[in-house]
Amino acid sequence: MENSSVSRRFIVCALAALLTASAGPAALAVQKTDAQKQEKPKKAEEPKINRNEKTPTADQVAETVVLVFGSRPGLAQIRRTGVEHGKITRTGDDGRPEEITYDRTFKRGETFDKDKIRLDQHMPSIEYSLVYSDGKVFGILRGTQFTPKQQDVGTMLTDRVHGLEALLRYKENGATVKFVGKDSQKGLDLWIIDLTDKENNTTRYYVSAKTGRVLWLEYEDKGADGTLVKYKRTFHDYRVVQGTLVPYRSVLFAGDKQVEESQVLTVTYGVKMEDSVFQNPEAAAMQP
């Protein structure tokens, strides 16, 4: 962060906005009662950020987003573990919608690539789990490990590479950010930054200059037929959960076509969790 007066005013305003929108996650106690954990999420207020006429740096924009979402120490403390329940509606190649109920369980690692994630998916015809552990993805079906389809693996990895978490943890991931410019769309003043990770994957984030929230992101990836497709994910219905900011709805577009809509129904952070949740069932069976 630059030490200029502009930089100080920029971050102080962002921090003040965060304190207005939430209870200040860094001041929260590490241990919460069950009643506190299950408290109903509040609708997030619109924090006001005073925009300076001078152009901010990429780091200033990225750090403001981190502050608004809960601050780096606050996110690390509160979101060290979590359970999220929700539903996903995907549009198939035939145009028919498919609704999936999911439970996403995660445990934050010392580094981004050491995270552990389990995604339990419930569909009318089948139920199975995808697990991300030790940098790899495997499937579990009726207690037996299987190799998931590449499409499922790709979807799970893409959500990490081109998601909000990649920006919120960009420093620990060794990613770089670049300020692209300022824009105004439909009455919204925007800051635009590009994030490039160590594997040269690039994601463009559109951040509200008024609130410091990510409104949408864009990236390019190969589609099912191998051609390069431009994807866009929009974020809606931001709420404060245990002092951190969570978008309860997101919509994914491939080109100009909506292909997925995700909705969070409940989310709880800081729950007690064992590593066995993310364990390969065959490896677990071999243990004494």
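Read the figures in this text as sums done on the coordinates, not as results from a lab. Keep in mind that this is a model prediction, so the values were computed, not measured. Every residue, glycine as well, gets a Cβ built from its backbone with ideal geometry; the counts of neighbours run over all protein chains shown.
Over 21 Å, how big is the tail of the calculated P(r) for region 130-288, in percent of all Cα pairs? All intermediate terms of the calculation are to be shown ahead of the outcome.
On the way: 7222 of 12561 pairs.
Counting pairs separated by more than 21 Å, the tail of P(r) holds 57 percent.
Ignoring solvent entirely, what values of log10 I(q)/I(0) come out of the Debye formula for region 216-288 at 0.12, 0.18, 0.28 Å⁻¹ when each Cα is a single scatterer?
Those come out to -0.61, -0.85, -1.20, one per q.
In region 208-258, if the dipole is taken from +1 on Lys/Arg beta carbons and -1 on Asp/Glu beta carbons about the Cα centre, which of GLY212, PHE235, LEU252 is farthest to the positive end?
Positive-most Cα among the choices belongs to GLY212.
May I ask you to evaluate 6.51 cos²θ - 1.76 cosθ + 1.60, the Karplus curve with θ = phi - 60°, for each residue of region 114-120 and list the ³J(HN,Hα) values in order in whole Hz, giving x for glycine and proline?
In residue order, the calculated couplings are 9, 4, 10, 9, 10, 10, 8 Hz.
In region 184-255, how many lysine pairs have Cα atoms under 18 Å apart, counting only pairs 8 or more places apart or on different chains?
Numbers: LYS186/LYS210; LYS186/LYS232; LYS222/LYS230; LYS222/LYS232.
Close lysine pairs under the 18 Å cut-off: 4.
Near the amide H of ALA209, under 5 Å away, which other amide H atoms are found, from residues 5 or more places off or on another chain, if H is placed in the peptide plane?
ASP189, LEU190, TRP191
What residues qualify as long-range amide H neighbours of GLY270, i.e. H under 5 Å apart, gap of 5 or more or another chain, H built at 1.01 Å from N?
Amide H neighbours of GLY270: ARG80, THR81, GLY82.
For a bin width of 10 Å, list the pair-distance distribution of region 99-169 built from all Cα-Cα distances, rounded to whole %.
Spelled out per bin, shortest first, that is 18, 54, 24, 3.
For region 145-194, what are Rg and Dmax over the alpha carbons, in angstrom?
15.8, 50
Can you tell me the order of 224-235, 59-70, 123-134 when each peptide is scored by its average per-residue count of other Cβ atoms within 10 angstrom, highest first? Please list the in-between numbers first.
On the way: 224-235: 13.7, 59-70: 24.0, 123-134: 15.2.
The densest-packed peptide leads the list: 59-70, 123-134, 224-235.
Looking at the P(r) of region 52-161, how many percent of alpha-carbon pairs lie beyond 16 Å? Provide the component values of the computation, followed by the final result.
Numbers: 4180 of 5995 pairs.
The calculated P(r) of region 52-161 puts 70 percent of pairs beyond 16 Å.
How big is the shadow of the Cα convex hull of region 84-219, averaged over all directions, in nm²? Don't skip to the answer; put the middle values down first.
Working: hull surface 41.3 nm².
Averaged projected hull area, Cα only: 10.3 nm².
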